[in-house]
Amino acid sequence: MKRSIKIAVAAAIALSATSAFATNGDNLIGVGAKARGMGGAGIGMSHGAESALANPAMISTVKGTEVSFGGTVFMPDVSTDTGAGMSAGFISSDADLSVIPEIAIAQKVSDNFTWGIGMYGTAGMGTDYRDEATTTGNFNMVTNLQLMQFAVPLAYSTDGFTVAIAPIMQYGSLDIQYRTGAGATGTGVAQDLGMGYSLGASYGMSNFTLGAVYKSAIDMTYDKVLSTAGTGFGLTLADNLEQPAEMGVGASYKMGEHTFAVDYKKIKWSDANGYKDFKWEDQNVYVIGYEYDAGNWAARLGYNHASSPIKEQSSAGTGHVLNVLNLLGFPAIVEDHYTVGGTYEFSKTTSVDLAYSYSPETEESFGATGAGLAGNVKTKHSQDAVTAQLNFNF
């Protein structure tokens, strides 16, 4: 049964032809076109059915049945210079395009109860240097993590207050391969299913809404992938890679056609199995969003900031080895994200959302002496993403 579920989910996630870089660490800044158009704001502002994962309490605003489906075309631009070999210089990763699907349904059963289903690509990261000459020092490294979450939000509302729970099933796949002087290292793609949950709450009064959310950690085991990958660099790693717990609060205020939203979220990378071995630090995520709603159309702006969870390690012990693996294989170093978006209603039942996000280039240089290299490893990373979503209301 578990194997058949994995196969079905893998078919859905196969739309992602290459690894999907995300933005706050390896997490997308938001799921759904409305949220992404506002920098990811969605803890204290409802976006209808697409709110299933951001804050399940926010689905309570749907009036009947709402169906949303679409996806994000993600275009990271990553290049790394290890300072080694005849072709020293920045070498571009070929993992520069992926498609991330999303589907959400929410239905108001009564004045007090709303439920839904959400399926989203939520996170990922990776690079692809397999076609580069080994003399570049990039180890022909290929890394690819992809995560998809399925949630069933259940929300109960009374007197402006809503509480909700959303059981979550997470599908993940991970692949790490590289080549050193000793030969090729890698075991191929491993997959796993994990379970978690999200708890949400909101309170609305007049034109002001407050929201809070807690999302549990979800531990995943990728058989032999991490333990094998560690051997070539002298590391002892377990095969667990846990998506970290998150907690956040948000608020929105509506003045006529104008809505302003702010979110704060903490992502607990330092407590997550696997990420703590790579010395990732917790992230504080700050979001500001704005929406102008003219009735049959809307425009959105947003800004999202979170400092990079990857910090330079000292040369002591395995510090420089971790520097190489983080910047070469998992360079989640982008910090600022600027977004625009909009909605157009074709009718009372049909509308389309669009969003564009841009993260300007960030560059990091970490020490790598003693990690098979003789200097610093440098990585540049920027992102563009376009999200489109079709909505039906019944």
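Where a number appears in this text, it was derived from the coordinates with a stated rule and is not lab data. Note that the structure is predicted; figures quoted are calculated from it, not measured. Neighbour counts are summed over all protein chains in view; Cβ atoms, including those assigned to glycine, are modelled from backbone coordinates with ideal geometry.
I'd like to compare 339-346, 114-121, 213-220: which one has the highest average count of other Cβ atoms within 10 Å, and what's the full order after that?
Result, highest mean Cβ count within 10 Å first: 114-121, 213-220, 339-346.
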Report summary line: Of the residues MET195, THR387, ALA272, the Cα lying farthest along the dipole of the chain towards its positive end, which is defined by charges on the beta carbon of Lys, Arg, Asp and Glu, belongs to MET195
Query raised in the report: Around ALA245, which amide H atoms from residues at least 5 apart in sequence, or from another chain, sit under 5 Å from its own amide H, with H modelled in the peptide plane?
Result: ALA217, LYS268
Report task. Give a residue-ordered list of calculated ³J(HN,Hα) values for the stretch 145-151 (Karplus: 6.51 cos²θ - 1.76 cosθ + 1.60, θ = phi - 60°; whole Hz; x for Gly, Pro). Result -> 10, 9, 10, 10, 10, 10, 10
Query raised in the report: Taking neighbour Cβ counts within 10 Å as the exposure measure, how do GLU242, GLU363, GLU66, GLU312 sort from fewest upward?
Result: GLU363, GLU312, GLU242, GLU66
Query - Amide proton proximity set for THR369, modelled H, under 5 Å, gap of 5+ - result: GLY375
Requested in this report: Using only alpha carbon positions, build the gyration tensor of the chain, then give the equivalent ellipsoid semi-axes as the square roots of 5 times its eigenvalues, largest first, whole angstrom.
Outcome: 38, 21, 18
**Report entry** Tensor-based shape of the stretch 286-394 (alpha-carbon gyration tensor, a/c under 1.5 rounded, otherwise prolate or oblate)
**Finding:** prolate
**Report entry** Cβ charges +1 (Lys, Arg) and -1 (Asp, Glu), total dipole of the stretch 2-393, debye
**Finding:** 640
**Report entry** Cβ-based exposure ranking for SER359, SER308, SER92, in which fewest neighbours within 10 Å come first
**Finding:** SER92, SER308, SER359
Report task. Could you check the simple spin-label distance between THR362 and ASP131, using points 7 Å along Cα→Cβ, in nm with one decimal? Result -> 2.8
Query raised in the report: In percent, what relative contact order does the chain have, based on Cα pairs under 8 Å that are 6 or more apart in sequence?
Result: 19
Report task. Give the relative contact order (percent, whole number) for the stretch 104-201; include only Cα pairs under 8 Å separated by 6+ residues. Result -> 24
Report task. Set Lys and Arg Cβ to +1 and Asp and Glu Cβ to -1, take the dipole of the stretch 2-393 about its Cα centre, and tell me which of VAL67, ALA164, ASN376 lies farthest positive. Result -> ALA164
Query raised in the report: Taking a spot 7 Å from the Cα of VAL352 along the direction of its beta carbon, which residues of the stretch 358-394 have an amide N less than 12 Å from it?
Result: 388-391
Report summary line: Simple SL model, points at 7 angstrom along Cα→Cβ for LYS266 and ALA294; separation in nm is 4.2
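Take TRP280, TRP297 and order them by how many other Cβ atoms sit within 10 Å, fewest up front.
Details: TRP280 26, TRP297 12.
The fewest-first ordering by Cβ neighbours comes to TRP297, TRP280.
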Requested in this report: Specify the inter-centroid distance of the stretch 81-133 and the stretch 286-358, based on alpha-carbon positions, in whole Å.
Outcome: 12
Query raised in the report: Angle, helix 2-13 long axis vs. longest principal axis of the chain, Cα atoms, 0 to 90°, nearest 10?
Result: 80
Report summary line: The rounded separation in angstrom of the Cα centers of the stretch 234-265 and the stretch 165-199 is 21
Requested in this report: Go through ALA151, GLN313, GLN177 and say which Cα lies farthest out towards the positive end of the charge dipole of the chain; charges sit on Cβ, +1 for Lys and Arg, -1 for Asp and Glu.
Outcome: ALA151
Requested in this report: Mind checking which aspartates and glutamates have their Cα closer than 20 Å to the Cα of LYS215? Skip sequence neighbours fewer than 8 apart in that chain.
Outcome: ASP26, GLU50, GLU102, ASP192, GLU242, GLU246, ASP263, ASP271, GLU281, ASP282
